[in-house]
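Student: Before anything else, here's the structure in question.
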Amino acid sequence: MVARKTVTVPKDKDAENALDYDEATPDQLLEVLLTDEEFDELWAAGVFDIMNEITGAMIDYFESAEIVEKEKLEKVLESDAFTKDAVVDKLAQIKVLFEEALERGTGVYFFF
C-alpha cells in the first residue's frame, strides 16, 4: 500500500519557510512515510494522543499539525510516546525526526 501520511522535518529555516508555502523540495526535508495501517497502529497505541496532550497540537486523522516550539519538542522526547509497543521501526524513525528538529531549530510537521 502507498504511504499516505507523512511526518516531516525541514532541514533548515529556509526549508521551513518553503514548506509553509508548499514549495519545499524533497532534498530540503527529512520525512517518515506511514501507511494507513502503520498510522492506525500508532494511533491505537496512543502515541499521537500523548503528543497532543503534551503540546496542545491536533494530530488526528485527515489533519495537518505541527510542533515547532523547542520546549514542546523536548517534552515529547522526554515522554513515554516512543516507548509504546507499536510499529517499533516507525516509532524510532519519528523519534529521530524530533531529535533532528531540535538540532536544526525547526519543527515536526504532520500531514495526515
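The values are calculated or read from the model by the stated rules, or taken from the named source; none is laboratory data. Everything numeric in this text was worked out from a predicted model, so none of it was measured. Here Cβ is always computed from backbone atoms with ideal geometry, including for glycine, and neighbour counts include all displayed protein chains. The protein model used for the area step is the full one, side chains on, heavy atoms only, and it has no ligands, DNA or RNA in it. Shrake-Rupley method; radii C 1.70, N 1.55, O 1.52, S 1.80 Å.
Student: Give me the net charge for the shell around Lys95: Cβ to Cβ below 14 angstrom, other residues only, Lys and Arg +1, Asp and Glu -1. It would help to have the intermediate numbers written out before the result.
Tutor: Values: positive: Lys75, Lys84, Lys90; negative: Glu74, Glu78, Asp80, Asp89, Glu99, Glu100, Glu103.
Its environment carries a net charge of -4.
Student: Report in % the part of the accessible area of the range 69-112 that belongs to carbon and sulfur, leaving out ligands and nucleic acids; probe 1.4 Å. Spell out each step's value before the answer.
Tutor: Values: 1050 of 2290 Å².
It is 46 percent, rounded to a whole number.
Student: To continue, here is another question. Lys and Arg at +1, Asp and Glu at -1: add these up for the other residues within a Cβ distance under 13 Å of Ile59 and post the number. Please report the intermediate quantities before stating the final value.
Tutor: Working: positive: Lys5, Lys72; negative: Asp49, Glu53, Asp60, Glu63, Glu66.
Once positives and negatives cancel, what remains is -3.
Student: For the chain, return all DSSP H helices satisfying: extent of Cα atoms along own axis at least 20 Å; mean Kyte-Doolittle hydropathy at least -0.5. Show your work: numbers first, answer last.
Tutor: Values: long enough: 88-104 (24 Å, 0.05).
TM-like helix candidates: 88-104.
Student: Taking 8 Å as the Cα distance limit and 6 or more residues as the minimum spacing, I'd like the relative contact order of the chain as a percentage. Before the final figure, lay out the partial values.
Tutor: Values: 176 pairs, mean separation 43.6, N = 112.
Relative contact order here is 39 percent.
Student: Further, regarding this structure: Can you give the net charge of the other residues whose Cβ lies under 15 Å from the Cβ of Asp36, counting K and R as +1 and D and E as -1?
Tutor: Residues near Asp36 contribute -3 overall.
Student: Could you tell me the center-to-center distance, by alpha carbons, between the range 19-76 and the range 83-112 in angstrom?
Tutor: Between the Cα centre of the range 19-76 and that of the range 83-112, the gap is 8 Å.
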